[in-house]
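Novice: For reference, the structure I am asking about is given below.
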Amino acid sequence: MSHPSEAAQGRPAMVRLGAVARTFHPGTPDAVRALDGIDVEIPEGEWVVVLGTNGSGKSTLLNVIAGTFGLDGGTIALGGQDVTHWPEHRRAGIIGRIFQNPFSGTAPAMSIAENFALASRRGRTRGFRPAVTSAFRAELRARVSTLGMGLEDRLDTAIGTLSGGQRQALTLLMATWHDPGVLLLDEHTAALDPRSAAQVQALTADIVQGRRLTALMVTHSMPQAIAYGERIIMMHRGRVLHDFRGEARRRLGVGDLLACFEDARRTPADDVPPSPRSAVGTD
Ligand SMILES: Nc1ncnc2c1ncn2[C@@H]1O[C@H](COP(=O)(O)OP(=O)(O)OP(=O)(O)O)[C@@H](O)[C@H]1O
Ligand SMILES: [Mg+2]
């Protein structure tokens with residue numbers, strides 16, 4: 001049986017980044033070239049893990065894909081459509097997002113049911129307070145019960161009263177209520193206790209692999225990077241330093257990744273190559 005990444009490589013690109021560049025505070029002494037010419041193509045259905053040292057540009061990468069930040073140069077296409085000049089809200093119909101902080105992405109005073117009713121329409125109709133119909137409630141009960149947290153009996157509870165792990169699990173369900181074209185996960189388990197983190201990570205794998213979603217997942221956890229996804233991109237100073245796919249990805253262990261980090265730390269800014277050192281996609 002072929003590995004998912006081989007299957008994915010034959011598919012059209014869901015995400016195509018061409019020479020993507022973004023500088024913060026340009027023309028000042030504080031200028032930071034957060035993304036310095038990123039060329040990445042992600043086939044439909046591929047799960048990519050994004051690694052890199054602090055400040056290497058991982059969150060900025062997700063932010064420019066989502067349209068939170070604009071570009072200084074380059075192009076972004078999602079599902080074959082050039083979205084470079086689309087505002088964030090227009091991309092929201094294609095993108096599902098989860099952040100590190102379990103308290104972002106939901107309205108704390110609203111109930112679980114109301115939050116889901118809102119989220120289920122994201123990128124569709126806008127501007128109305130959500131109506132929770134009985135059919136929607138039944139569907140919601142069924143989906144929330146799959147979490148195994150007993151939250152299906154608490155659908156009218158204000159979401160702000162739940163634990164971080166409960167909220168993050170619900171946020172994941174919300175972001176994927178309709179299969180998003182691209183799912184962006186930015187250290188979404190980093191703020192959770194180990195047990196909740198493992199639970200949310202397992203749920204992520206069920207959803208991403210079960211529905212073959214295209215996903216970018218930022219993490220600082222080497223074991224998590226090795227255990228999940230089928231491609232690993234390592235960023236350094238706004239560039240892609242390594243891009244492990246196929247056989248090279250399958251051979252990779254935690255020790256190899258740690259060595260890559262050491263290598264990155266020793267690489268001065270001027271020596272970061274414009275193209276990945278290990279774009280090993282072949283088998
Ligand atoms: N809104 C902003 N304004 C100014 N500078 C920013 C902004 N966002 C990011 N930066 C800078 O851009 C660079 C890349 O930041 P980014 O948040 O993308 O890094 P990261 O790889 O996600 O790091 P971490 O692992 O710490 O989350 C950093 O030098 C950061 O200080
Ligand atoms: Mg970050």
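Novice: If I take every Cα pair under 8 Å that is 6 or more residues apart in the range 143-201, average their sequence separation and divide by the length, what percent do I get for the relative contact order?
Specialist: Dividing the mean separation by the residue count of the range 143-201 yields 31 percent.
Novice: For THR133 and HIS25 in one chain, what is 0.36 nm times their gap in residues minus the Cα-Cα distance, to one decimal in nm?
Specialist: The span from THR133 to HIS25 would gain 34.1 nm if fully extended.
Novice: Hey, in the GNM for the chain with a 10 angstrom Cα cutoff, which one of THR214, THR161, THR133 fluctuates hardest?
Specialist: Comparing THR214, THR161, THR133 in a Gaussian network model of the chain, the most mobile one is THR133.
Novice: Right, another one. Among the helices of the chain (complete DSSP H runs), which have Cα atoms covering no less than 27 Å along the helix axis and a Kyte-Doolittle mean of at least -0.5?
Specialist: Span-like helices, by this rule, are absent here.
Novice: Using +1 at the Cβ of each Lys and Arg and -1 at the Cβ of each Asp and Glu in the chain, identify which of THR176, MET14, VAL40 lies farthest towards the dipole's positive end.
Specialist: Selected residue: THR176.
Novice: Please work out the Cα center distance from the range 223-245 to the range 102-122, rounded to the nearest Å.
Specialist: Centre-to-centre (Cα) distance: 31 Å.
Novice: Please name whichever of ALA107, ALA259, VAL200 sits farthest to the positive end of the charge dipole of the chain, dipole taken about the Cα centre and charges placed at Cβ: Lys and Arg +1, Asp and Glu -1.
Specialist: Among ALA107, ALA259, VAL200, the one farthest towards the positive end of the dipole of the chain is ALA107.
Novice: From the Cα trace of the range 138-283, what convex hull volume per residue do you get, rounded to a whole Å³?
Specialist: Dividing the Cα hull volume of the range 138-283 by its residue count gives 132 Å³.
Novice: While we're on this one: Relative contact order (percent) for the chain, with alpha-carbon contacts under 8 angstrom and 6 or more residues of separation?
Specialist: RCO, the chain: 24 percent.
Novice: Expressed in nm to one decimal, what extension gain is obtained for the pair ALA205 and THR161 from 0.36 nm per residue of sequence separation less their Cα-Cα distance?
Specialist: Value of the extension gain: 13.2 nm.
Novice: Quick one: Karplus J couplings for the range 87-104, per residue in order, coefficients 6.51, -1.76, 1.60, θ = phi - 60°, nearest Hz, x for Gly and Pro?
Specialist: Result, rounded to whole Hz: x, 3, 5, 6, 7, 4, x, 9, 10, x, 9, 9, 9, 5, 7, x, 8, 9.
Novice: Within the P(r) computed for the chain, what percentage of the Cα pairs occupies the region above 23 Å?
Specialist: Across the chain, Cα pairs with separations above 23 Å total 55 percent.
Novice: Between THR189, THR28, THR157, find the one with the highest GNM mean-square fluctuation for the chain; connect C-alpha pairs within less than 10 Å.
Specialist: THR28
Novice: Report the FRET efficiency, 1/(1 + (r/R0)^6), for ASP263 and GLN81, where r is their Cβ-Cβ distance and R0 is 25 Å, rounded to 0.05.
Specialist: Once the sixth-power term is evaluated, E becomes 0.10.
Novice: Any chance you could list the semi-axes, whole Å, largest first, of the equivalent ellipsoid that the Cα gyration tensor gives for the range 10-110, using √(5λ)?
Specialist: Three semi-axes, in Å: 21, 20, 14.
Novice: For ASN54 and SER145, FRET efficiency with R0 = 45 Å and r from the beta-carbon atoms, rounded to 0.05?
Specialist: The calculated FRET efficiency here is 0.70.
Novice: Using only the Cα atoms of the range 10-58, each taken as one equal point scatterer with no solvent, compute I(q) by the Debye sum, divide by I(0), and report log10 of the ratio at q = 0.26 Å⁻¹.
Specialist: -1.02
Only the coordinates and a few stated rules stand behind these numbers; no lab work does. Note that the structure is predicted; figures quoted are calculated from it, not measured. So basically every Cβ, Gly included, is an ideal-geometry build from the backbone, and we count neighbours across all protein chains shown.
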